[in-house]
Amino acid sequence: MRGTPRGNLSDLYPRWLGARELLLHHRDPYSPEITREIQIGYYGRELNPNRLDDPTDKQGFAYPVYVIFLLTPTVSARFEVVQAGFRWFLFILMAATPLLWLGALRWRPSPTIEAVLVVMSVCSFPGLQGLKLQQLSLVVSAMIAGVAVLMAGSHLLLAGVVLALATIKPQLAAIPAAWLLVWTTSAWRERQRFFWGFAITMALLIGGGQWLLPGWIGRFYQSTVAYRQYTGGRSLLTVLAGPVVGRVLGLALGAALAYVSWRLRRVSSKFPDFQLVFALTLAVTLLVIPMTAPYNQLLLLPAIFLAVRTRDKLWRRSPVTRLTLVIAGMLLLWPWLAATGLMIAALFATPASLQRAWAMPLYTSLVVPLGVAGLLGLMVEDALKPNAD
């Protein structure tokens with residue numbers, strides 16, 4: 001490993017240690033001292049900037065301080081115990097997330113198809129990567145799916161509460177929150193409960209964080225700026241198209257989403273078009289946020305489920321739609337096909353050749369959100385037609 005440090009490598013650990021130190025010892029989780037202690041646990045030793053083989057990710061506490069409230073029950077236990085329990089907790093959430101989306105979409109497939117969708121969601125590379133790393137993105141993905149179910153059932157107050165809790169990862173929750181607040185104001189009298197649930201919960205989280213750590217917002221902002229610098233955070237669009245074209249595409253995509261959101265702002269949360277826009281906000285999120293980690297792609301589940309559910313209609317729509325459907329399907333299925341091919345090749349290929357081909361299942365990882373967003377764009381086009389159902 002050429003001296004590369006290896007510790008617990010759990011993405012939960014920096015948040016857990018920061019929560020423990022703040023709650024039990026009143027120490028600033030954003031401080032350089034806590035960052036060094038996080039590195040010792042996460043990597044096995046403090047990082048040395050003079051060693052070229054050391055990771056660039058300093059693993060600072062780059063979360064809103066109110067994530068501590070969710071971790072409070074764990075701070076008195078040993079991390080080994082917390083880590084084991086959290087792994088099972090994430091597994092349960094991963095299995096529940098596709099079921100929540102099926103409920104939100106009001107889709108009742110056969111038990112066989114339902115089981116296949118759950119297994120493929122849990123066993124997908126994004127799911128397994130998030131489970132391996134113990135990423136809080138899996139928790140946020142489940143929360144957002146829960147918001148969708150609650151909205152579909154007109155439980156608007158509770159939906160607002162859950163969405164506020166999902167802002168422990170603000171980059172994942174910001175665009176859906178903006179859409180839902182626009183949706184709320186379009187029929188304020190009937191929908192204001194969502195606003196109050198979200199606003200009051202956010203006020204409690206921010207105020208509680210300020211009580212625990214005065215001035216935390218400034219510290220959090222500095223930590224996010226530092227995080228982007230040492231991780232080189234770039235959006236998927238800038239990675240694929242370059243910094244200038246990527247930013248222009250991101251602005252154009254944001255403008256298109258704003259137009260769609262405004263046009264469909266009056267639709268009821270019980271109608272399919274509402275879930276379509278919800279899925280679109282999540283797909284756009286993955287394209288424009290300054291990170292490309294595959295584990296965030298669990299947010300594409302509602303878009304994928306919508307495409308699977310309406311595949312016959314999409315196939316009949318036009319040749320362009322059929323081509324888009326085939327491309328998106330191949331992008332999604334490629335990891336499974338490549339992994340199967342490698343398993344078969346293992347029967348006769350040399351270990352060295354297999355080692356060289358280990359990344360084959362990941363070749364489509366970056367472009368999956370683009371393919372899914374393309375399908376959503378075609379579905380949204382139909383929804384915007386005057387004679388749409």
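β-branched (Val, Ile, Thr), farther than 30 Å from Arg20 by Cβ, modelled with pLDDT of 95 or more and surrounded by 14 or more Cβ atoms within 10 Å (Cβ to Cβ): does that describe Ile206? When the stated conditions are applied, Ile206 does not pass them. Can you find a residue that is in a helix (DSSP H, G or I) and within 16 Å of the chain's Cα centre (by Cα) anywhere in segment 197-217? Checking segment 197-217: not a single residue is in a helix (DSSP H, G or I) and within 16 Å of the chain's Cα centre (by Cα). Do the conditions hold for Val260, that is, is it touching a residue at least 12 places away in the same chain (Cβ under 8 Å), within 20 Å of the chain's Cα centre (by Cα) and either surrounded by 14 or more Cβ atoms within 10 Å (Cβ to Cβ) or under 22 Å from Val368 (Cα atoms) (or both)? Considered against the rule, which asks whether it is touching a residue at least 12 places away in the same chain (Cβ under 8 Å), within 20 Å of the chain's Cα centre (by Cα) and either surrounded by 14 or more Cβ atoms within 10 Å (Cβ to Cβ) or under 22 Å from Val368 (Cα atoms) (or both), Val260 comes out as no.
Asn48 satisfies every condition listed in (1) assigned to a loop (DSSP other than H, G, I, E, B); (2) in contact with a helix residue (DSSP H, G or I) (Cβ under 9 Å, 6 or more places away or on another chain) except (2). Please verify whether Asp312 is closer than 27 Å to Thr184 by Cα and among the charged types (D, E, K, R), treating the condition exactly as stated. Answer is no for this residue. If the condition is being β-branched (Val, Ile, Thr) and surrounded by 11 or more Cβ atoms within 10 Å (Cβ to Cβ), then segment 315-357 contributes Thr321, Thr324, Val326, Ile327, Thr340. Met343 meets the conditions (1) among the hydrophobic types (A, V, I, L, M, F, W, C); (2) assigned to a helix (DSSP H, G or I); (3) closer than 29 Å to Val140 by Cα in every case but one. The failed one is (3).
Can you say whether Thr321 is in contact with a Leu (Cβ under 8 Å, 6 or more places away or on another chain), part of a helix (DSSP H, G or I) and of a type in the set (Ser, Thr, Tyr), as far as the supplied structure shows? Yes. Against the definition (touching a residue at least 24 places away in the same chain (Cβ under 8 Å), crowded, with 20+ Cβ neighbours inside 10 Å, among the aliphatic types (A, V, I, L, M) and closer than 17 Å to Tyr66 by Cα), how does Val147 come out, yes or no? It is false that Val147 is touching a residue at least 24 places away in the same chain (Cβ under 8 Å), crowded, with 20+ Cβ neighbours inside 10 Å, among the aliphatic types (A, V, I, L, M) and closer than 17 Å to Tyr66 by Cα.
Restricted to segment 56-174, the set of helices (runs of 4 or more DSSP H) holding at least 2 residues that are within 28 Å of Leu204 (Cα to Cα) and of a type in the set (Val, Ile, Thr) comprises 67-71, 79-104, 137-152, 156-166. Residue under question is Trp196, and the condition is that it be more than 28 Å from Tyr295 (Cβ to Cβ), touching a residue at least 24 places away in the same chain (Cβ under 8 Å) and not hydroxyl-bearing (Ser, Thr, Tyr); does it hold? Criteria met by Trp196.
Quick grid of which residues meet (1) part of a loop (DSSP other than H, G, I, E, B); (2) under 23 Å from Tyr295 (Cα atoms):
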{"residue": "Val326", "(1), (2)": "no, no"}
{"residue": "Leu332", "(1), (2)": "no, yes"}
{"residue": "Ala349", "(1), (2)": "yes, no"}
{"residue": "Trp358", "(1), (2)": "yes, yes"}
{"residue": "Leu366", "(1), (2)": "yes, yes"}
{"residue": "Leu376", "(1), (2)": "no, yes"}
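The values are calculated or read from the model by the stated rules, or taken from the named source; none is laboratory data. Only a predicted model underlies this, so the values are computations on that prediction, with no experimental measurement involved. Quick reminder, even Gly has a Cβ in these numbers, built from the backbone with ideal geometry, and neighbours come from all protein chains shown.
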